[in-house]
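Notes follow once the structure below has been shown.
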Amino acid sequence: MTKTVAVIGAGPAGLAAIKSCLEVGLEPTAFETDPWLGGAWKYTDLAEEKHRRSCVAYSTVTNTSKHVSCYSDFPMPKEWPNYLPQQNYLEYFQMYAREFELEERIRFEADVLSVEPTSDSKADQNARWRVRYQDLKQNCDQVEEFDFVMVCSGINNEPRITDIPGLDGFCGDVIHSKEYRTWKNFEGKRVIVIGLGNSAGK
């Protein structure tokens, strides 16, 4: 029988995982919390969000060329700029999913709650993985079993917040870059940015 794979997340890594599974004869099912694919590259206003998800800022432009930021078997359109605004990058992932018919393998609004082995024995040749998820459309929990699990939920899903002495007494607004969307709320203000990673450059 064909082996089944649970793919957690339908962002850039999840899409590639679905396609790779299909290429080697596996049967993938992807679980995506949001009602769309593309992961952090789908921009949403905070007011639109149900889960306070991470996404790139509205003004984000990639800092790597499209020639090294694409899938090896699906080059980006020649007429696109070398460094892409987030809108183009999201469109690219949508094009990729259409080209290889990946979207039909994705269960949208399906939030994975836990993944557990079906057996406590490492020697059990018939052991599988039990995936429990919440169907956000039906507002109910579901459980299914798979032969393999691929976790593709990304590295930017949960914020890492440093404990800064004295911050409790600061009277201004304090946000993590996960909450940042546009510059509009910061116009005319003095702003301190702590950290110098990619999100600090937003």
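If the viscosity is 0.692 mPa s and the temperature 37 °C, what translational diffusion coefficient in µm²/s does Stokes-Einstein give for the stretch 87-202 when Rh comes from Kirkwood over Cα pairs? Calculated translational D: 172 µm²/s. The percentage of C-alpha pairs in the chain whose separation is greater than 28 Å is 39%.
A simple count of charges around ARG130, restricted to other residues whose Cβ falls under 10 Å of its Cβ and scoring Lys, Arg +1 and Asp, Glu -1, yields -1.
With all protein chains in place and a 1.4 Å probe, the accessible surface of the chain carries 50 percent carbon and sulfur.
Please give the length that would be gained between LEU167 and GLN138 if that part of the chain were fully extended, namely 0.36 nm times their separation in residues minus their C-alpha to C-alpha distance (nm, one decimal). It would help to have the intermediate numbers written out before the result.
Details: separation 29, 0.36 × 29 = 10.44 nm, distance 4.16 nm.
Stretched fully, the LEU167-GLN138 segment lengthens by 6.3 nm.
Each residue of the stretch 34-45 was assigned a 3J(HN,Hα) from its phi angle through the Karplus curve 6.51 cos²θ - 1.76 cosθ + 1.60 (θ = phi - 60°); the sequence is 7, x, 8, 9, x, x, 5, 7, 8, 6, 9, 6 Hz, with glycine and proline shown as x.
Contact order for the chain, expressed relative to its length and based on alpha carbon pairs under 8 Å spaced 6+ residues apart, stands at 27 percent. Between the amide H of ARG107 and those of ALA30, PHE31, GLU32, distances stay under 5 Å, these residues lying 5 or more places away or on another chain, with hydrogens modeled in the peptide plane. What angle do you read, to the nearest 10 degrees and between 0 and 90, between the alpha-carbon axis of helix 86-99 and the longest principal axis of the chain? Result, in degrees: 10. The listed peptides 91-100, 164-173, 12-21, 61-70, ordered by packing as a protection proxy, come out as 12-21, 91-100, 61-70, 164-173 (highest mean of other Cβ atoms within 10 Å first). Of the candidates THR60, THR182, THR29, which one comes out as most mobile in a Gaussian network treatment of the chain with C-alpha springs shorter than 10 Å? For the chain, modelled as a Gaussian network with Cα springs under 10 Å, the answer is THR182. In units of the rule-of-thumb radius 2.2 N^0.38 Å, the stretch 52-148 shows an alpha carbon radius of gyration of 1.51. Structure remark: mean-square fluctuation, Gaussian network model of the chain, C-alpha springs under 10 Å; the largest value among LEU102, LEU90, LEU22 belongs to LEU22.
Restricting to DSSP H runs of at least four residues, report the calculated mean residue ellipticity at 222 nm for the chain, -39500 (n - 2.57) per run over all residues, nearest 500 deg cm²/dmol.
On the way: 2 runs with 26 residues, N = 202.
Mean residue ellipticity at 222 nm (helix-derived): -4000 deg cm²/dmol.
Placing +1 at every Lys and Arg Cβ and -1 at every Asp and Glu Cβ, with all other atoms neutral, what dipole size does the chain have around its Cα centre, in debye to the nearest 20?
Using Cβ point charges on Lys, Arg, Asp and Glu, the chain gives about 660 debye.
Here the stretch 3-47 yields Rg over Rh of 1.08, to two decimals, using C-alpha coordinates and the Kirkwood radius.
The values are calculated or read from the model by the stated rules, or taken from the named source; none is laboratory data. Quantities reported herein were computed from a predicted structural model and do not represent experimental measurements. Methodologically, a virtual Cβ is constructed for each residue, glycine included, from the backbone with ideal geometry; neighbour enumeration extends over all protein chains shown. All accessible areas refer to the heavy atoms of the entire protein, side chains included, with ligands and DNA or RNA removed. Shrake-Rupley method; radii C 1.70, N 1.55, O 1.52, S 1.80 Å.
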